[in-house]
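> Here it is, the structure, as structure tokens.
We did not get these values from a lab; they are worked out from the coordinates using the rules stated. Bear in mind the structure is a predicted one, so any value in this text is a computation, not a measurement. For neighbour counting, all protein chains shown are included, and Cβ atoms are generated from backbone atoms with ideal geometry for every residue, glycine included.
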2 protein chains.
Amino acid sequence: MINNEHYSQENQGPYEYFDIKNFELEYGGKIANCRLAYSTHGTLNEAKDNVILFPHMFSGTSKSLEAYVGEGKALDPSKYFIIFPNQIGNGVSTSPHNTDDVSISMCDFPQISIGDDVRAQHELLSQQFGITEVALVLGWSMGAQQTYEWAVRYPEMVKRAAPIGGTAKTSDHNTVMVEGLIGALRTAINFNDGNYTSCEELDKGLCHLAVLFSAIGVSREFYAKEHWRDAGFESVEQFLVDFWKAWFRPMDPNALVTMLDKWQHADVSKHTGGDIAAALGSIQAVVHNMPFEQDMMFTDLECREDSAMIPNCEHKPIPSTWGHFAMFGVFPQDFGYIDGQLKELLAVST
Amino acid sequence: MINNEHYSQENQGPYEYFDIKNFELEYGGKIANCRLAYSTHGTLNEAKDNVILFPHMFSGTSKSLEAYVGEGKALDPSKYFIIFPNQIGNGVSTSPHNTDDVSISMCDFPQISIGDDVRAQHELLSQQFGITEVALVLGWSMGAQQTYEWAVRYPEMVKRAAPIGGTAKTSDHNTVMVEGLIGALRTAINFNDGNYTSCEELDKGLCHLAVLFSAIGVSREFYAKEHWRDAGFESVEQFLVDFWKAWFRPMDPNALVTMLDKWQHADVSKHTGGDIAAALGSIQAVVHNMPFEQDMMFTDLECREDSAMIPNCEHKPIPSTWGHFAMFGVFPQDFGYIDGQLKELLAVST
């Protein structure tokens, strides 16, 4: 085990734990005590029908997108009971660096799937809270992958779904892109097949990952029009250091690799023998699919193909030069736009 | 010095050397004996006006694009005297791993610019061959950067220019992308600030670089339509291993970093105090600017901006799902298309 304050209650909390004993994994093996960390906002009503589930993106935690919660916002805690689960392996829930399972050493943490996360979240909702209906599942990027998994795996339970900047199955192109992201850590000096002794040793690899994200995470136009200035940065170099590198440097590389591997293998067609149309065709939720118009990671074109296979779906691209990272809402107009879109979806009757 | 057979006469030759003593570099410092390796095809005519200069792309050599030379092709050696110079630092010309300059250790090879290459090539043409006029300068990617540098630096000498899949100045977005490529080597296990003892030690870093190229080097459509099958590969994995990794694994990492740094700093507006319009406006050559329609590295949109600033320019995008790597001509139709475009440009009177 490695102590990493980045994932502490102080930095990512408050969060609580829901423990699942002998949690069996899709790819085989099990976690003796799978601790699913989560946070909630608002109050579960008596009918238990005011639930919003908001799984997080790659490298995120339950805290990352809390800004979307607030009175007057779409995710209004005076109306909704909003649950932010932490991904298995994200550094807060059971993860390579924090597991006390003696059968799992840090470097051979088992392979986790998006399906594992969604099953664990389902146990949290049903067993901890007795929830049988979710008004909205939403998520960005890997959060969108979890959203699709929810809508396909539990079609009767999910009333509305908002996959934001993500696809139901990782495309071959996205797969090689993620292989490049994984490589930033796996081939980095001191990674040592995951057997490092402190995250500081991996600083070069973490910074390299940050640079790769800076190249594909926003749009070309963002750089061409120097929109980093509007975000308060004085140079591209400062944007790289104070935004991208500052984000990744405190993190645990094995946690990041665990999540990237999950991302790479996301595929709801596992449920239908590889038939993606059948999988998406089984969705009962009202879906508003919200890609980012200038996304280089999950393109609007790819997302459009998903939309066409979902029975009750509106395709609603988000315009922003921040591309894939518009969801961060660094520009108030992006935040407001997305919040407005979520209000619209929540107003749809099902 | 490290022996690397990849750069030998057997593998990259035949090539000859043109030696430049005390070659002064744009960024300062000098190379005591700068050996510019080059190959030629065809015969220089008496008027010395049948010259085609074809500088190479990143990670290439004088041999990389020889397939474009042949009877009946645009670059017909029965008509033209075709010169393929090797970039300084490419592994064949004076490079980190092969320099016998005692003042330069392998890991602190001086920073080289595109301008250095073009000045060295100019010395080769003028001093070795007495050439004062070039019928066509063409090049792909970093070759396009050298083409632009030639057309701006020696406007009266260059009659026709074909920048293919490259820009006159590296954009900010391209700069961070290249920073990501450099990182694959600089942060790799065993790189040790360039002080490695054999290239084999850097195999993980070289393979990682290859994966990054596989993600941005071709188009999304190439993967979506599985066009790697048409190139003779049986899986994406085989395409990664037998095409991309096989290409980079034999190479010298310091040579690759030297070239990437050059790429990152390419900028013809150095000649005009930062005024790119003035630099491109000074070009006298007939220019056919040929971006690749689906290029993710140098986009058609970026290249279009260059075209608009060049007095005598036609913008002629190349359609191929191979994207930036259509120039390799793996698909015969791409090779034929580009060859046809070059014939058209060579037929333009100046």
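> Select from region A:243-290 the residues that are hydrophobic (A, V, I, L, M, F, W, C), closer than 18 Å to A:F213 by Cα and touching a residue at least 60 places away in the same chain (Cβ under 8 Å) and list them in ascending order.
A:W247, A:F248, A:M251, A:A255, A:L256, A:V257, A:M259, A:L260, A:W263
> Of B:S8, B:S39, B:S64, which residue is without any contact (Cβ under 8 Å) to a residue 12 or more places away in the chain, in contact with a strand residue (DSSP E or B) (Cβ under 9 Å, 6 or more places away or on another chain) and within 26 Å of B:P250 (Cα to Cα)?
B:S64
> If the requirement is being free of Cβ contacts under 8 Å to residues at least 24 places away in the same chain, more than 30 Å from A:A210 (Cβ to Cβ) and under 21 Å from the mean Cα position of the chain (by Cα), which of these qualifies: A:D19, A:D76?
Being free of Cβ contacts under 8 Å to residues at least 24 places away in the same chain, more than 30 Å from A:A210 (Cβ to Cβ) and under 21 Å from the mean Cα position of the chain (by Cα) holds for just one of A:D19, A:D76, which is A:D19.
> Suppose we filter A:T132, A:T147 for residues that are hydroxyl-bearing (S, T, Y), in a helix (DSSP H, G or I) and more than 27 Å from A:N4 (Cα to Cα); which single one remains?
A:T147
> Can you pull out the residues in region A:248-269 that are in a helix (DSSP H, G or I) and surrounded by fewer than 19 Cβ atoms within 10 Å (Cβ to Cβ)?
Correct list: A:D261, A:Q264, A:S269.
> Tell me yes or no: at least one residue of region A:157-172 is at the interface with another protein chain (Cβ under 9 Å from one of its Cβ atoms) and outside any strand (DSSP E or B).
Yes, region A:157-172 contains a residue that is at the interface with another protein chain (Cβ under 9 Å from one of its Cβ atoms) and outside any strand (DSSP E or B).
> Scan region A:182-211 and report the pairs whose first residue is touching a residue at least 60 places away in the same chain (Cβ under 8 Å) and whose second residue is hydroxyl-bearing (S, T, Y) and not in a helix (DSSP H, G or I), with Cβ atoms within less than 6 Å and a gap of 6+ or a chain change.
Note: pairs meeting the criteria are A:A188/B:T187.
> Follow-up question, since we're still on this one. Restricting attention to region A:230-240, does a residue exist that is within 12 Å of another protein chain (Cβ to nearest Cβ) and either within 30 Å of A:R153 (Cα to Cα) or of a type in the set (V, I, T) (or both)?
yes
> Are there any pairs, at least 6 apart or on different chains, whose C-beta atoms fall under 8 Å, with the first in region A:117-132 and at positive phi and the second surrounded by fewer than 20 Cβ atoms within 10 Å (Cβ to Cβ), and if so, which?
Close Cβ pairs satisfying both conditions: A:G130/A:K48.
> I've got another one for you. Can you say whether B:A135 is touching a His at 6+ places or on another chain (Cβ under 9 Å) and farther than 21 Å from B:I88 by Cβ, as far as the supplied structure shows?
So B:A135 fails the test.
> Say we look at region B:185-206 and pick out the residues that are within 7 Å of chain A (Cβ to nearest Cβ) and assigned to a helix (DSSP H, G or I); which of these is nearest to B:M327 (Cα to Cα)?
B:G205
> Still on this structure: Return the only residue of B:D242, B:D230 being among the acidic types (D, E) and in a loop (DSSP other than H, G, I, E, B).
Checking each option against the conditions leaves just B:D230.
> Among the residues of region A:214-228, are any under 23 Å from A:F325 (Cα atoms) and basic (K, R)?
Within region A:214-228, one or more residues are under 23 Å from A:F325 (Cα atoms) and basic (K, R).
> From the list B:K169, B:K225, which residue is among the basic types (K, R), surrounded by fewer than 19 Cβ atoms within 10 Å (Cβ to Cβ) and under 30 Å from A:T299 (Cα atoms)?
Sole residue among the options that is among the basic types (K, R), surrounded by fewer than 19 Cβ atoms within 10 Å (Cβ to Cβ) and under 30 Å from A:T299 (Cα atoms): B:K225.
> Can you run down the residue pairs with Cβ atoms below 6 Å, 6 or more apart or on separate chains, where the first is in region A:325-350 and outside any loop (DSSP other than H, G, I, E, B) and the partner is surrounded by fewer than 18 Cβ atoms within 10 Å (Cβ to Cβ)?
Close Cβ pairs satisfying both conditions: A:D339/A:K73.
> Follow-up question, since we're still on this one. Among the candidates B:Y68, B:Y15, B:Y38, B:Y27, which residue alone is more than 30 Å from B:L345 (Cβ to Cβ) and not charged (D, E, K, R)?
None of the others qualify; the one that does is B:Y27.
> Right, here's the next one. In region A:246-282, what residues are closer than 18 Å to A:H173 by Cβ, within 15 Å of the chain's Cα centre (by Cα) and hydrophobic (A, V, I, L, M, F, W, C)?
Result: A:L260, A:W263, A:A266.
> Looking at (1) out of contact with any Ser or Thr (no Cβ under 7 Å at 6 or more places or on another chain); (2) assigned to a helix (DSSP H, G or I); (3) within 14 Å of another protein chain (Cβ to nearest Cβ); (4) surrounded by 20 or more Cβ atoms within 10 Å (Cβ to Cβ), can you tell me which one B:E305 breaks?
(4)
> Could you grab me the full set of residues in region A:22-59 that are crowded, with 24+ Cβ neighbours inside 10 Å and small (G, A, S)?
If the condition is that a residue be crowded, with 24+ Cβ neighbours inside 10 Å and small (G, A, S), then A:A37 is the only one that fits.
> Continuing with the same structure: Kindly indicate whether B:V218 is facing chain A (nearest Cβ under 10 Å) and in contact (Cβ under 8 Å) with a residue 40 or more places away in the chain.
Spelling it out, B:V218 is indeed facing chain A (nearest Cβ under 10 Å) and in contact (Cβ under 8 Å) with a residue 40 or more places away in the chain.
> Also, I was wondering about something else. Considering only residues that are farther than 14 Å from A:Q87 by Cα, not hydroxyl-bearing (S, T, Y) and not in a strand (DSSP E or B), which ones fall in region A:1-22?
Listed by number, the residues that qualify are A:M1, A:I2, A:N3, A:N4, A:E5, A:H6, A:Q9, A:E10, A:N11, A:G13, A:P14.
> From the list B:S219, B:S198, which residue is of a type in the set (G, A, S), surrounded by fewer than 24 Cβ atoms within 10 Å (Cβ to Cβ) and farther than 23 Å from B:D295 by Cα?
Working: B:S219 fails: farther than 23 Å from B:D295 by Cα.
Matching residue, one of B:S219, B:S198: B:S198.
> How many residues does region A:270-302 hold that are within 14 Å of chain B (Cβ to nearest Cβ) and crowded, with 16+ Cβ neighbours inside 10 Å?
The qualifying residues number 10.
> Let me ask something additional. Which of (1) buried (at least 24 other Cβ atoms within 10 Å of the Cβ); (2) closer than 22 Å to B:Q341 by Cα; (3) touching a Ser or Thr at 6+ places or on another chain (Cβ under 8 Å) is the odd one out, the single condition B:K159 does not satisfy?
Checking B:K159 against (1) buried (at least 24 other Cβ atoms within 10 Å of the Cβ); (2) closer than 22 Å to B:Q341 by Cα; (3) touching a Ser or Thr at 6+ places or on another chain (Cβ under 8 Å), the one that fails is (1).
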